[in-house]
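Report on one structure; see the data block that follows.
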Amino acid sequence: MQLDIRPQQTQITPNDTPQAANRADDDNGRWMETVKAGVLLGLCGYFVYNIAFGDLANYINLRFMWLTYVAVALFGLLGIISVISLLRRDYNNVTSDHTLIRWDVILIMALPLLFGTLVPSQPLGASAVRDNLNFQTASFGVVQVAEKDPLDRNALDWVRTFAQPGIHPSTFDGLEADFVGFIISDPTYPPGHVVVARSVVRCCVVDIEGIGIPMAWAGADDLREDTWVRVRGVFEAGTFMDQRTPILQATDVEIVPQPDRPYLYP
Amino acid sequence: MAIEQPIIGAKSPLRDSMMWLAGFGVAALVMAILLSSTDNPAAAFSNFTTRFLGLFIEAVPFLLLGVFVSGLLEVYVTREDIVRWLPRNPILATGAGALMGFVFPVCECGVVPVTRRLFSKGLAMSVGVAFLLAAPVMNPIVMVSTYIAFSTAPSGTEIIIFRFVITALIALAVGLLFALAARPHQTLRPMSLNALGQADTTLSQRPRTVREGFYRSMRVSVNDFFEMGRFLVIGAMLAAGMQTFISQSALQALGEGPLLSVLVMQALAFLLSVCSTVDAFLALSFTTFSTGSILAFLTFGPMADIKSMLMYLAVFKPRVVAYMILLPFLMTLLIGLWINLFAAF
């Protein structure tokens, strides 16, 4: 056997030189800055899309819409700054306090964009509020019966009205109602009864609460959960889920499209 | 010629990345198991996504405002400015920290990047901690929202006053504890410490033009957004997951009695992670709960919830984050209990 005793020569490939390493770092930095600019401008575009097409109403109380304008302006500004740094080749990937922004960080920040674009936007429905459903509540404030025409009251107005202190449910007997809501059905409800519900949002969907009005109707058992309906009828006091409450005796139930603003704001 | 500075606190980025990705994989697995355990996985996933995006859309503008201010601070505020502005007496300085929310009116998402930047400028630990804990409540926006929410509610005046008094006292107390016991190198993560002990570069690199200064500050803001935003994203996902898979009504059903009601409201505040600018409106829905528990909700939540806990981890070492949650937790628990037992409102 012959041993090779010649001194081993290290092969220096083009990738091992300091210049090549710098070039690789430069490439990585440029890619990273490009993706960062993409995420920032993508999020800006996502907010603009939501504002333009009304999807924002699925997520927040529109009273706070101005916050999304702030987000659009700042996402746009930061995205443009990232693009300028790309053009200036000024994309050192190190923050002012010398920490690294890594690919995994950028990936996490892209998640809202991915969820927002890949999962169809829709409001929270029956499955989100059925465990947190109020038939009478004073938590949204109480309005006087006389303040609004009964036929103009929405479901929240009625629930507030029912919550007036010291008023018996039979006070509302014979009052006509006409409002829109979605159907919640449950095997524990009496036959021929469903709840016509709305979701109430103060700030964003994190604080969502359901309010509902029990409805008796001959065709109630055939109504599918989450179906949006416009109901008309008169109230009559009764017992629903061991609670004495006004129950809407529906005379007309019409299936309608989901409203532009699916939530009610107290 | 640019001088390359050593990257402090960037130990083994590959290992950190792998850990994050592994954590992400585990979270995805847990999510899949939880979804498959529900009656309707598709509806549960849709609910989770809507809640996650709702929380993100509501909170991210505040984070953006925070990193915007952080960038400006980095370029235009020097360590000497901080020293000059704050009282020399540590107790007065900590008190001033608790009131700094009136200068930087930010919620819990925006306050973290601002505090981190101020720490890197040499802000004292006690002042920064007091600011961090108090600012989400002690600012004009939250004062107005709390007033609007509670001005006509039963015991509303007391709740409004006590919310601010309790928050200020707890922030001051925790801040002073940090002043006595904590040193920056024991408490802050390396990334928040980097500027300490080094020459402040702000003065030597004063921008020559407004445009240059703005560009530099916004470059800092971009990186701060990514650095801090990941904690907001993960926190929002956790909060959305908790809301989707844990019944809120089941938690509320537990809320009877002077002690249990406070604990339940603290748990809700921590899990729901609602922004402090609007949490007063949410607290209104808990009218059946005791006044002490509502106050615990309104004071503990802005100091510690899932998303702010994760954002604190960008600034402090994990042990310190535990103290920053446990101390306000115990203090609000005791105060809430005392109000339930002894206060006549």
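Calculate the all-directions average of the projected area of the protein assembly as shown's alpha-carbon convex hull, and give it in nm². Walk me through the numbers on the way to the answer.
Working: hull surface 144.0 nm².
Answer in nm², one decimal: 36.0.
Which one of B:ILE294, B:ILE33, B:ILE335 has the biggest mean-square fluctuation once chain B is modelled by GNM with Cα springs under 10 Å?
B:ILE33
Would you kindly derive the ³J(HN,Hα) couplings of segment B:52-67 from the backbone phi angles with the Karplus curve 6.51 cos²θ - 1.76 cosθ + 1.60 (θ = phi - 60°), listing them in order in whole Hz, with x for Gly and Pro?
4, 5, x, 5, 5, 4, 6, 8, 5, x, 5, 5, 4, 5, x, 6
Fewest Cβ neighbours within 10 Å first, please rank A:TRP66, B:TRP338, A:TRP217, B:TRP20 accordingly.
Working: A:TRP66 10, B:TRP338 13, A:TRP217 21, B:TRP20 18.
The fewest-first ordering by Cβ neighbours comes to A:TRP66, B:TRP338, B:TRP20, A:TRP217.
Using a 10 Å cut-off on Cβ to Cβ distances, tally the other chain neighbours for every residue of A:54-67 and report the average as a whole number.
Counting other chains' Cβ atoms within 10 Å and averaging over A:54-67 gives 3.
Run the dipole for segment B:42-342 about the Cα centre, Lys and Arg Cβ at +1, Asp and Glu Cβ at -1, nothing else charged, and hand back the magnitude in debye, nearest 20.
Values: 19 positive and 13 negative charges, 190 e Å.
Charge dipole, segment B:42-342, about its Cα centre: 920 debye, nearest 20.
What's the long-distance tail for segment B:81-147, i.e. % of Cα pairs beyond 16 Å?
Within segment B:81-147, distances greater than 16 Å cover 40 percent of Cα pairs.
Quick one: compute the contact order of segment B:42-342, relative version, from alpha carbon pairs under 8 angstrom and 6+ residues apart, as a percent. Numbers along the way, then the final one.
Values: 458 pairs, mean separation 73.9, N = 301.
The value is 25 percent.
Going by how many other Cβ atoms sit within 10 Å of their own, how do B:LEU63, B:LEU29, B:LEU238, B:LEU53 line up, fewest first? Could the numbers behind the result be given before it?
Numbers: B:LEU63 29, B:LEU29 10, B:LEU238 19, B:LEU53 25.
Taking fewest neighbouring Cβ atoms as first place, the list is B:LEU29, B:LEU238, B:LEU53, B:LEU63.
Most exposed first by the Cβ proxy, i.e. fewest other Cβ within 10 Å, how do B:ARG189, B:ARG79 rank?
Lowest count first: B:ARG79, B:ARG189.
Using a basic spin-label model with each label point 7 Å from the Cα along Cα→Cβ, how many nm lie between B:ASN89 and B:LEU180?
So the label points at B:ASN89 and B:LEU180 sit 1.8 nm apart.
Given Cα pairs under 8 Å that are at least 6 residues apart, what percent is the relative contact order of segment A:126-264?
Once divided by the residue count of segment A:126-264, the mean separation gives 26 percent.
Which length gain, in nm to one decimal place, applies between B:ASP39 and B:VAL165 when the Cα-Cα distance is subtracted from 0.36 nm times their residue separation?
Value of the extension gain: 40.8 nm.
By the scheme Lys and Arg +1, Asp and Glu -1, what is the net charge of all other residues having a beta-carbon under 11 Å from that of B:PRO302?
On the way: positive: B:ARG163; negative: B:GLU108, B:ASP279, B:ASP305.
Charge balance near B:PRO302 sits at -2.
Cross-link candidates for B:LYS317: which aspartates and glutamates have Cα within less than 19 Å, leaving aside residues fewer than 8 places away along the same chain?
A:ASP97, B:ASP16, B:GLU108, B:ASP224, B:GLU227, B:ASP305
Apply the a/c threshold of 1.5 to the C-alpha gyration tensor of segment A:149-217 and tell me whether it is rounded, prolate or oblate.
Cα axes put segment A:149-217 in the oblate bin.
Using a Gaussian network for chain B with springs between C-alpha atoms less than 10 Å apart, which of these wobbles most: B:SER126, B:SER37, B:SER276?
Per the Cα network of chain B with a 10 Å cutoff, B:SER37 tops the list.
Sequence-distant or interchain residues sharing an amide H contact under 5 Å with A:ALA237, placed H: which?
A:ASP173, A:ILE247
Net charge near A:ARG230: determine it from the other residues with C-beta under 12 Å of the C-beta of A:ARG230, scoring Lys and Arg +1 and Asp and Glu -1. Write out the running numbers ahead of the final one.
Values: positive: A:ARG232; negative: A:ASP178, A:ASP252, A:GLU254.
Local net charge: -2.
So how far apart, in nm, are the two label points at B:ARG206 and B:ALA322 if each is 7 Å from Cα heading toward Cβ?
A separation of 4.6 nm, rounded to one decimal place.
Can you pull the three principal axis extents for the Cα set of segment B:38-137, in Å, largest first?
Over segment B:38-137, Cα extents along the principal axes are 61, 28, 19 Å.
Going by alpha carbons, how many degrees (0 to 90, nearest 10) lie between the helix axis of B:125-134 and the longest principal axis of chain B?
40
In a shell of Cβ-Cβ distance under 13 Å around B:GLN186, excluding B:GLN186 itself, what net charge do Lys and Arg (+1) and Asp and Glu (-1) give?
+4
Using the basic label-point model (7 angstrom from Cα toward the beta carbon), what is the A:ARG89 to A:ALA237 distance in nanometres?
Label-label distance for A:ARG89 and A:ALA237, simple model: 8.4 nm.
Which of B:ASN89, B:ASN223, B:ASN47 moves the most in a Gaussian network model of chain B with Cα springs under 10 Å?
Between B:ASN89, B:ASN223, B:ASN47, it is B:ASN89 that shows the largest mean-square fluctuation.
No value in this document is a laboratory result; all are computed from the given coordinates. All figures in this text were calculated on a predicted structure; none of them were measured in a lab. Cβ atoms come from the backbone with ideal geometry, glycine included; neighbour counts cover every protein chain shown.
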